[in-house]
Amino acid sequence: MQTCPKCKKGQMIIKVQDFTCGKKFKENDCLDMQIDCIHCDGTGEVSDEKLASIKETDRFIAEEMCSCDNPTFGSYPQDGECSCGMYKHHVHCGNCGKISQIG
Ligand SMILES: [Zn+2]
Ligand SMILES: [Zn+2]
Ligand SMILES: [Zn+2]
């Protein structure tokens with residue numbers, strides 16, 4: 001097993017800006033929420049295969065994400081429709097053709 005690169009001892013902090021318990025927070029209200037790491041299921045350790053897949057995803061994101069200062073709205077393929085390798089629906093930047101937004 002390998003130490004999970006995505007968390008500290010199995011816990012990760014996510015920003016929550018959403019509905020919680022049926023109550024909507026004010027806009028721009030953002031909560032830090034501590035959850036079990038989604039990569040290692042809160043164990044703090046991942047298998048060699050899992051570590052490789054995390055690194056592969058990071059590499060993909062680092063290489064394929066747009067870093068334009070002002071990305072323009074290019075194409076917006078739905079789940080599974082794009083040939084770039086990203087399954088989830090996402091936005092391609094009109095300047096550089098890379099992914100400017102996921103989901
Ligand atoms: Zn983890
Ligand atoms: Zn771009
Ligand atoms: Zn794409």
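None of the figures in this text is laboratory data; all of them are computed from the coordinates on show. What you are looking at is a predicted structure, and each value in this text was computed from that prediction instead of being measured. FYI the Cβ positions are ideal-geometry reconstructions off the backbone, even for glycines, and counts take in every protein chain you see.
Some observations on this one:
- Measuring max minus min along each principal axis, the C-alpha atoms of the range 48-95 give extents of 38, 25, 11 Å (largest first).
- Mean residue ellipticity (222 nm) of the chain, computed from DSSP H runs ≥ 4 via -39,500 (n - 2.57), nearest 500: -5500 deg cm²/dmol
- The Cα-based radius of gyration and maximum Cα-Cα distance (Dmax) for the chain are 16.8, 42 Å.
- 20 Å Cα-Cα threshold exceeded, pairs from LYS55/LYS88; LYS8/LYS98; LYS50/LYS98: LYS8/LYS98; LYS50/LYS98
- When each of the peptides 75-82, 6-13 is scored by how many other beta carbons lie within 10 Å of its residues on average, the order from highest to lowest is 6-13, 75-82.
- Cα lying deepest toward the dipole's positive end in the chain, options SER75, GLN34, ILE102, charges on Cβ: GLN34
- Neighbour-count order for ILE61, ILE54, fewest beta carbons within 10 angstrom listed first: ILE61, ILE54
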